[in-house]
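This report refers to the structure that appears directly beneath it.
The values are calculated or read from the model by the stated rules, or taken from the named source; none is laboratory data. In this text the structure is predicted, and so the values were computed from the model without any measurement. When we count neighbours, we look across all protein chains shown, and the Cβ atoms used for this are built from the backbone with ideal geometry, even at glycine. These area figures cover heavy atoms from the full protein model, side chains too; ligands, DNA and RNA do not enter into them. Shrake-Rupley method; radii C 1.70, N 1.55, O 1.52, S 1.80 Å.
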Amino acid sequence: MVNDRGKAALFSKSGGPYNGLFFIAGYDQVNESFIAGLQEDSNTVQVGSFSGGLRPEEKQTLIQTIMANRIDNVDSKVVRIKPGICVELQFESVENNRLMQPAFRTFRLTARWTECTWNKLIIDNAPVSGDVTITHPDKMIWPESRIDKEAYAAYLLQISPLMMPFLRNRILTTIRYPHGVPGESFYQKNRPDYAPDFVRSETVSGINYIVCNDLSTLLWLGNQAAIEFHTPFHTIGMEKPLDIVFDLDPPSEDKLSLAIKAAIEMKTVFDGFGIVSYPKLTGGKGMQIHIPLGRDSALTYEDARVFTAFIAKYVTEKHPEDFTTERLKKNRGNRLYVDYVQHAPGKTMICPYSARGRVGATVAAPLYWEEVNGRLTAEAYTVRTVLDRLAAKACPMHDFWEQDNTRILSQLILKLKQT
């Protein structure tokens, strides 16, 4: 299913009315209304019914057409037909996957019914600049998962309320896959000359970085097949991090259990100090742990290094057979690398909810701590499944920006400096 929470946010009552392309799925003879349908992941779904907006002659012609092409019993109260007739409807909002107050606007006789998709509806009604269009929407980005560019763009729009706070006012490095995943890829830092005027940029160290501050830029990047979004730990104009991030890097994809073990060990330490922390799959082979500092934190990267080095030393000395801080891969053996060096100016991390350029369309998914256990797999968190997950429960990082560990960490770091 498509994430209703995401749709409700995009199609709210305050933002309507909205318009979209639908196919006729049948006629309800009792309520004298026409059933509207959409395509979702190659399935046809009913999304509501309408009766208003049709002139009497249009209504009668449509009823006659449906009756002539019905596919069910003659005495059925609801007469169903195969998709084929396309119409444009106006509606006020979406609730529980249903259109609220839909009304007929016009027939779209030249449209194909396969164009009537939830993803297209989401994209067409997004509050973005008119300069943003999705070119070649049926181009496959993840062929094995049957996720095309239209589906990926719709994912970005639905996940944007949770993703944008980690992108806003930060210089951005993306990894683009112009021919889909897997395939040729390249890093993009500089804002290209052909970027629309609304795409902001910031020059740092001679590089004119893109800054993704709005939906228009996010959707434009999606159309450019920008799959991975990497950001620094601080915002533009700041010299201090907004959070501390530990990167837990196993030796191989089948060793996620080592990252789980390291994360649980770290949480025990964090809880002992009263530090609030948030685990996250990287969407690759490992995990990351975020510790929010708050927007007004005075802690520097140098301060943070005192703390990260202490934690890394603690877990590696406690489990030297499993964990290491050795930077050279050839010297790590089968041990997990506890990367605390990555938390520094000029370094980047994968943005929460960014997709990854991997077969399976995995996502850098925030987790609840109780989910960090032996059943955890990166393959379970994908562009498709993350939206379903968020329809059922809140984002694990929903209160991330309300947390501030600065006071606790400042006291701890001061003590560590004195030892």
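Quick check on my filter: what residues within segment 118-163 are of a type in the set (D, E), more than 17 Å from L221 (Cβ to Cβ) and not in a helix (DSSP H, G or I)? Steps first, answer last, please.
At the first step, the residues of segment 118-163 found to be of a type in the set (D, E) are 124, 131, 138, 144, 148, 150.
Retained after the next criterion (residues that are more than 17 Å from L221 (Cβ to Cβ)): 124, 138, 144.
Correct list: D138 only.
Among the residues of segment 197-247, how many are part of a loop (DSSP other than H, G, I, E, B) and not acidic (D, E)?
So the count comes out to 18.
Name, by its number, the condition in (1) touching a helix residue (DSSP H, G or I) at 6+ places or on another chain (Cβ under 6 Å); (2) within 30 Å of I236 (Cα to Cα) that does not hold for E302.
Condition not satisfied by E302: (1).
Would you check which residues across segment 231-246 are under 20 Å from P192 (Cα atoms) and surrounded by fewer than 19 Cβ atoms within 10 Å (Cβ to Cβ) and list them?
I236
Which of the residues that make up segment 47-72 are of a type in the set (G, A, S) and within 15 Å of F23 (Cβ to Cβ)?
The answer is G48, S49.
Out of all the residues in segment 100-117, is one or more touching a residue at least 24 places away in the same chain (Cβ under 8 Å), in a loop (DSSP other than H, G, I, E, B), open to solvent by 10 Å² or more (accessible area, probe 1.4 Å) and touching a Cys at 6+ places or on another chain (Cβ under 7 Å)?
yes
Counting only residues that are among the aromatic types (F, W, Y) and open to solvent by less than 60 Å² (accessible area, probe 1.4 Å), which one in segment 370-419 is nearest to A304 (Cα to Cα)?
Within segment 370-419, the subset among the aromatic types (F, W, Y) is 381, 400-401.
Narrowing the set further to residues that are open to solvent by less than 60 Å² (accessible area, probe 1.4 Å) leaves 381, 400.
On the way: Y381: 30, F400: 18 Å.
For segment 370-419, the residue satisfying everything is F400.
Show the residue pairs that are 6+ apart or on different chains and have beta-carbon atoms under 9 Å apart, the first residue being within segment 392-419 and under 22 Å from D296 (Cα atoms) and in contact (Cβ under 8 Å) with a residue 60 or more places away in the chain, the second being open to solvent by 50 Å² or more (accessible area, probe 1.4 Å) and aromatic (F, W, Y).
Every condition considered, the pairs that remain are N405/F273; I408/F273; L409/F273; L412/F273; L412/F310; I413/F310.
Quick check on segment 26-48. Is at least one of its residues acidic (D, E), surrounded by 15 or more Cβ atoms within 10 Å (Cβ to Cβ) and not in a strand (DSSP E or B)?
No: zero hits.
Anything in segment 168-226 that is closer than 18 Å to Y353 by Cα, surrounded by fewer than 19 Cβ atoms within 10 Å (Cβ to Cβ) and in contact with a Cys (Cβ under 9 Å, 6 or more places away or on another chain)? List them, or say none.
Once the filter is applied, which keeps residues that are closer than 18 Å to Y353 by Cα, surrounded by fewer than 19 Cβ atoms within 10 Å (Cβ to Cβ) and in contact with a Cys (Cβ under 9 Å, 6 or more places away or on another chain), segment 168-226 yields only R168.
Inspect all residues belonging to segment 80-97 and state whether any of them is acidic (D, E) and crowded, with 17+ Cβ neighbours inside 10 Å.
yes
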